[in-house]
Amino acid sequence: KKKGLILLGFVSVAYLSWVLWIYSVTGEWVYPLFTFFSPVGLAAFFCSSLVLIVWIYNTGEFLNRMIWGDTVVILEYKRKGK
C-alpha cells in the first residue's frame, strides 16, 4: 500500500507539474475550466483532487481485498502426461 500511494503521489505531482508548465509556456490552461479559478481556488481544487484520488485508491484496495481476500493464489499450469 505504501509503495502504491508513493507512486500515485509521484504521478499526480508529475501530471500537475505538466499542466502548470503548459500554462506557463502558452498562457492557456489545458482545461478551460481552470480560467474561472483564482490562484487560491486552483490550489484548493488540486488538493481536493489529490484527496479524491487517494480515496479512490483506498476504496479500490478495500474492494479488491473483499473480492479476492488478503492473498492471491496463482494457479500452476500442468501439462497432460506429467
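The HN-Hα couplings worked out from phi for region 60-66 by the Karplus form 6.51 cos²θ - 1.76 cosθ + 1.60 (θ = phi - 60°) are x, 5, 4, 5, 4, 5, 5 Hz, whole numbers, x standing for Gly and Pro. The Kirkwood hydrodynamic radius of the chain, based on inverse pair distances between different Cα atoms, is 16.1 Å. Accessible surface of the chain, 1.4 Å probe: 71 percent of it comes from carbon and sulfur atoms. Applying a DSSP loop filter and a limit of 11 other Cβ atoms within 10 Å to the trypsin sites (Lys or Arg not before Pro) in region 1-49 leaves LYS1. Computed from backbone phi with θ = phi - 60° and the Karplus coefficients 6.51, -1.76 and 1.60, the 3J(HN,Hα) list for region 42-47 is 5, 4, 5, 5, 5, 5 Hz; x is used for glycine and proline. Entry comment: accessible area of region 1-77 is 86 Å² per residue, from protein heavy atoms only and a probe of 1.4 Å. Helical runs assigned H by DSSP (4 residues or longer) give the chain a calculated mean residue ellipticity at 222 nm of -24000 deg cm²/dmol, each run adding -39500 (n - 2.57) before division by the residue total. Computed from backbone phi, the HN-Hα couplings of region 26-36 come to 9, x, 10, 7, 5, 10, x, 4, 5, 5, 7 Hz, rounded to whole numbers (Karplus: 6.51 cos²θ - 1.76 cosθ + 1.60, θ = phi - 60°; Gly and Pro given as x).
The values are calculated or read from the model by the stated rules, or taken from the named source; none is laboratory data. Everything numeric in this text was worked out from a predicted model, so none of it was measured. Glycine also receives a Cβ, built like all others from the backbone with ideal geometry; neighbour counts cover every protein chain displayed. Quick note on the areas: whole protein, heavy atoms, side chains included, nothing else; ligands and nucleic acids left out. Shrake-Rupley method; radii C 1.70, N 1.55, O 1.52, S 1.80 Å.
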